[in-house]
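Student: One structure follows; several queries about it will come next.
The values are calculated or read from the model by the stated rules, or taken from the named source; none is laboratory data. Predicted, not measured: the structure shown is a model, and the values here were computed from it. For neighbour counting, all protein chains shown are included, and Cβ atoms are generated from backbone atoms with ideal geometry for every residue, glycine included.
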Amino acid sequence: MNRSRPPHPLLPAALLAGLALPLAASAAPAAAPVPTSYNYYVASNGSDANPGTAAQPFETIVRASRVALPGTTVHVAPGLYSGGFRTTMSGSAGRRIAYVSTVRGGARLVPPRGSLTKMAWENRGNFVDIVGFQIDGRNAHGGVRWTYGIYSAGSDSQIRNNHVHHVGQDVPCTSAGAAGISVDSYYKGHLGTVSGNLVHDIGPTDCRFVQGINMSTTGSVTNNVLYAIGGAAIQMWHDATSVVVSHNTIARSMTGILVGGGDPYYIKGPNDFTNVHNNIVYDNKYGISEQGSTGPNNSYRNNLVYLNAAADWQLNNGLKHLGTVAQAPQFMRYGKGGLPDFRLRAGSPGVGHGTSEHAAAADIAGKPRARNGAIDIGAFQR
């Protein structure tokens, strides 16, 4: 069970700046420094024959991944890098492996000549963080077209602060599917965190097999901005259950949030105890929809759901949504022709109308949310 709009030209840094600083691809780091035992460095002008030090960096992420031990951070400098690779090394619960773009969005993965894989980055390692990269699927140079941006099949993976765009376009709509970010349990991985990502222009238009973010296990999907997704902007299926979906901003897709279960890999049971709180789901075909096998303990609270053409809500098991705001969100800039700015205006009905239950501690730009004060709906806190 899988599910864009015509692509429009954009400069990634300009788009990020339009969303809100410090999301711009400037000197802002991708994440706070991670305490590590080992550090390796990658630069586009490096060499894989180098030792991977700051003075003599590797050229490729794959080369760095092959020497990564638990407790390693791989620092990737701004530049263009060929995507279409797999990382397999695993960290541990207390000693993760982190791949970090030193400038948010600055390390950009692009299709190689004669691409051999449908995935820009496939991760099979456990306890792995992928932080701050840009996955740009435009300008393919022959071979297999990318239909997946970041695909992670390891346990306890964290996909944070990435910009994934123009993936899975110029391909037919088939059940093979496409996704900007996919956390998959097919290889027995479980528990995924997908937070602070910008995902847009994924898949062919009105294709139900396409997702912006696909979650097929337990975990959380928080503080992401998604638009122009061919199918569901956020979808849960297969072994998904007990997922927190909070503070996402979604627009111009086929379905905003699809909570579902079916075609299980290992877990036979409904998608239950999933919490969908504080999301903006605006101007899609469908808003928030339960499909397939779902349980009676899912909760839908304090979401702004409005102007979804076919239906704002489709819930099973007699469930009711609570605290819903049914008004236009009043983004700073939004229209069919230009770059959107999804921050909220001062008079937005989403300001101060969120719930503290499952609220993210900070917004997509790192601004803290007042747990005991006014919590805004969506990815941005005013």
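Yes/no matrix, rows are residues, columns are (1) out of contact with any helix residue (DSSP H, G or I) (no Cβ under 9 Å at 6 or more places or on another chain); (2) at pLDDT 95 or above; (3) among the aliphatic types (A, V, I, L, M):
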site: Ala27; (1), (2), (3): yes, no, yes
site: Ala32; (1), (2), (3): yes, no, yes
site: Gly52; (1), (2), (3): no, yes, no
site: Arg63; (1), (2), (3): yes, yes, no
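One line per residue, one yes/no per condition, for (1) of a type outside the set (Gly, Ala, Ser); (2) farther than 20 Å from Asn161 by Cα; (3) crowded, with 17+ Cβ neighbours inside 10 Å:
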site: Tyr38; (1), (2), (3): yes, yes, no
site: Ser47; (1), (2), (3): no, yes, no
site: Val67; (1), (2), (3): yes, yes, no
site: Leu80; (1), (2), (3): yes, no, no
site: Gly125; (1), (2), (3): no, no, yes
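Student: Okay, next question. Restricting the first residue to the range 72-92 and requiring it to be under 11 Å from Thr60 (Cα atoms), which pairs with a second residue that is acidic (Asp, Glu) meet a Cβ separation below 8 Å and a spacing of at least six or different chains?
Tutor: Phe85/Glu122
Student: I've got another one for you. In the range 133-191, how many residues are surrounded by 22 or more Cβ atoms within 10 Å (Cβ to Cβ), closer than 20 Å to Ser253 by Cα and small (Gly, Ala, Ser)?
Tutor: 8
Student: Here's a follow-up. Within the range 63-102, can you find the residues that are of a type in the set (Lys, Arg), more than 21 Å from the chain's Cα centre (by Cα) and not in a loop (DSSP other than H, G, I, E, B)?
Tutor: Across the range 63-102, the qualifying residues are Arg63, Arg95.
Student: Can I ask one more? Which condition number in (1) outside any loop (DSSP other than H, G, I, E, B); (2) buried (at least 24 other Cβ atoms within 10 Å of the Cβ) is the one that Val244 fails?
Tutor: It is condition (2) that Val244 fails.
Student: Can you tell me which residue within the range 161-191, out of those that are of a type in the set (A, V, I, L, M, F, W, C) and not in a strand (DSSP E or B), is farthest from Gly137 (Cα to Cα)?
Tutor: The selected residue is Leu191.
Student: Quick one: in the range 294-344, of everything that is among the basic types (Lys, Arg) and under 23 Å from the mean Cα position of the chain (by Cα), which residue is modelled with the lowest pLDDT?
Tutor: Lys336
Student: Additional query: Take the residues in the range 314-329 that are hydrophobic (A, V, I, L, M, F, W, C), under 20 Å from Gln291 (Cα atoms) and in contact with a strand residue (DSSP E or B) (Cβ under 6 Å, 6 or more places away or on another chain), then tell me which one is surrounded by the fewest Cβ atoms within 10 Å (Cβ to Cβ).
Tutor: In the first step, residues of the range 314-329 are kept if they are hydrophobic (A, V, I, L, M, F, W, C); the result is 315, 319, 322, 325-326, 328.
This time we only want the ones that are under 20 Å from Gln291 (Cα atoms), so: 315, 319, 322.
Those still in the list that are in contact with a strand residue (DSSP E or B) (Cβ under 6 Å, 6 or more places away or on another chain) too: 315, 322.
Values: Leu315: 16, Leu322: 12.
Per the stated criteria, the residue is Leu322.
Student: Looking only at the range 208-236, count how many residues are assigned to a loop (DSSP other than H, G, I, E, B) and either touching a helix residue (DSSP H, G or I) at 6+ places or on another chain (Cβ under 6 Å) or surrounded by fewer than 24 Cβ atoms within 10 Å (Cβ to Cβ) (or both).
Tutor: Looking only at the range 208-236, we keep the residues that are assigned to a loop (DSSP other than H, G, I, E, B), and these are 208-209, 216-218, 223-224, 230-231.
Then keep just the ones that are either touching a helix residue (DSSP H, G or I) at 6+ places or on another chain (Cβ under 6 Å) or surrounded by fewer than 24 Cβ atoms within 10 Å (Cβ to Cβ) (or both); that gives 208-209, 218.
Residues meeting the conditions: 3.
Student: May I pose another question? Go through the range 192-207 residue by residue and tally those that are surrounded by fewer than 24 Cβ atoms within 10 Å (Cβ to Cβ), touching a Pro at 6+ places or on another chain (Cβ under 8 Å) and part of a strand (DSSP E or B).
Tutor: Residues flagged as surrounded by fewer than 24 Cβ atoms within 10 Å (Cβ to Cβ), touching a Pro at 6+ places or on another chain (Cβ under 8 Å) and part of a strand (DSSP E or B) within the range 192-207 amount to 0.
Student: A further question on this structure: Can you tell me which residues in the range 81-122 are within 14 Å of Arg138 (Cα to Cα), among the polar types (S, T, N, Q) and touching a Gly at 6+ places or on another chain (Cβ under 8 Å)?
Tutor: Correct list: Ser115 only.
Student: When you go through Gly154, Gly105 one by one, which is the residue that is part of a loop (DSSP other than H, G, I, E, B), of a type in the set (Gly, Ala, Ser), farther than 26 Å from Met236 by Cβ and at pLDDT 95 or above?
Tutor: Being part of a loop (DSSP other than H, G, I, E, B), of a type in the set (Gly, Ala, Ser), farther than 26 Å from Met236 by Cβ and at pLDDT 95 or above holds for just one of Gly154, Gly105, which is Gly105.
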